[in-house]
Structure formats: C-alpha cells, structure tokens
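Chemist: Take this structure, written in structure tokens, and hold onto it; I'll ask about it next.
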Amino acid sequence: MQSFLGCLLGAVIGLTLAVLLIPGAQIPGDIYQVIKIILMAGIFLGLVNFLVAPLLRLISFPIRWLFLGFFGLVIEIIFIELIDIVFTPEITLRGFWPVFWTGLLIWLATSILTKIWSRND
C-alpha cells in the first residue's frame, strides 16, 4: 500500500515540479485546470508505475543490471511519452529534453518516496 502511495505521490510531485521548472513542459489553462490535469495525469502515471513497471523491470533486469539501474529512467521516459500521448491537448512536452527531465524528476521523486516509506516498515 505504501509503495502504491509512493508511486502516486511521486508522479504527482514530479509532474508538478516539471511544469514549474522545465520550460518545454506546459499545461495551458488557469490554475484549477492545471491542478486537475496534474492530478489526473499523476494518478494515471502512478497506476502505470505501480502495475506495469514491475513487469518491465523484471523483463529488463539484465539491461538494468548492466547499466547500474539507470534503465529505470528509460522506462520512466517511455511512460512520460505515454502520458503525453494520452493527455495530448492538455499536456505539452516539446522535444526530447523536456520529456527526459520530466522523467528524471518523476523517477527521483518516486524512488525517494518509496525508499522512505519502505524504510519505515
């Protein structure tokens, strides 16, 4: 349960930081629309991270081991592209670098939150 909450909160926090800090990551509209879209996309991304990512991590274990775990960032970037496709008119990520930095922020936020909560068990 705490891992699930870590995935959800990590996705929401990472998306929020991306919209605030990365120039190519934009959500048009007023503040209420932006919050609603960040929450919807964060919940969607958190569910994908919680349900699909473990299977992808298992399949890509040799590659992750070879690259010292940084292939998890590649998986996160793929999920960010999925979010960009699903929420096309609402979320705008222009180019590779905004997707990369957004993926990095979400990957770091999710990793930190799940580590903190798993340590408390």
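Every number here is computed from the coordinates shown, using simple stated rules; none is lab data. As the structure is a computational prediction, the values presented were derived from the model and not from experiment. Backbone-built Cβ (ideal geometry, glycine too); neighbour counts: all protein chains shown.
Chemist: Which one, (1) 1.01; (2) 0.97; (3) 1.87, gives Rg/Rh (Cα atoms, Kirkwood Rh) as derived from the coordinates shown?
Modeler: (2)
Chemist: Which whole-Hz couplings ³J(HN,Hα) result when phi for each residue of the stretch 98-111 is put into the Karplus expression 6.51 cos²θ - 1.76 cosθ + 1.60, θ = phi - 60°, listed in order with x for Gly and Pro?
Modeler: x, 5, 4, 5, 5, x, 5, 4, 5, 4, 5, 5, 5, 4
Chemist: Continuing with the same structure: Normalised by the number of residues in the chain, what is the relative contact order in percent for Cα pairs under 8 Å and 6+ residues apart?
Modeler: Details: 142 pairs, mean separation 56.4, N = 121.
It comes to 47 percent, rounded to a whole number.
Chemist: Using the charge dipole of the chain (Lys, Arg: +1 at Cβ; Asp, Glu: -1 at Cβ; taken about the Cα centre), state which of 52, 118, 31 has its Cα farthest towards the positive end.
Modeler: Highest projection toward the positive end goes to 118.
Chemist: In nm, to one decimal, how far is the residue 43 label point from the residue 119 one, both placed 7 Å along Cα→Cβ?
Modeler: Reported label-point gap for residue 43 and residue 119 is 3.0 nm.
Chemist: Quick one: dipole size for the stretch 28-121, taken about the Cα centre, charges +1 on Lys/Arg Cβ and -1 on Asp/Glu Cβ, in debye to the nearest 20. Working shown, then result.
Modeler: Numbers: 6 positive and 6 negative charges, 60 e Å.
About 280 debye.
Chemist: Okay, moving on. Out of 7, 103, 63, whose Cα points farthest toward the positive end of the dipole of the chain (charges: +1 Lys, Arg; -1 Asp, Glu; placed on Cβ)?
Modeler: 63
Chemist: Ranked from highest to lowest mean number of other Cβ atoms within 10 Å per residue, what is the order of the peptides 38-46, 16-24? Before the final figure, lay out each step's value.
Modeler: Details: 38-46: 19.7, 16-24: 15.9.
Highest to lowest by the protection proxy: 38-46, 16-24.
Chemist: Ignoring everything except DSSP H segments at least 4 long, calculate the 222 nm mean residue ellipticity for the chain; use -39,500 (n - 2.57) per segment, divide by total residues, nearest 500. Spell out each step's value before the answer.
Modeler: Values: 6 runs with 94 residues, N = 121.
Taken over the chain, the calculation gives -25500 deg cm²/dmol.
Chemist: Turning to a different aspect of this structure: Taking 7 Å along the Cα-to-C-beta vector as the label spot, tell me the residue 35-residue 81 distance in nanometres, rounded to one decimal.
Modeler: It is 3.4 nm.
Chemist: Using a basic spin-label model with each label point 7 Å from the Cα along Cα→Cβ, how many nm lie between residue 111 and residue 61?
Modeler: According to this spin-label approximation, the distance is 2.0 nm.
Chemist: Which chymotrypsin sites (Phe, Trp or Tyr not before Pro) from the stretch 48-121 combine a DSSP loop assignment with at most 13 other Cβ atoms within 10 Å? Write out the running numbers ahead of the final one.
Modeler: On the way: sites: 50, 65, 67, 70, 71, 79, 87, 96, 100, 101, 107, 117; in loops: 67, 70, 87.
Here the sparse-neighbourhood loop sites are 67, 70.
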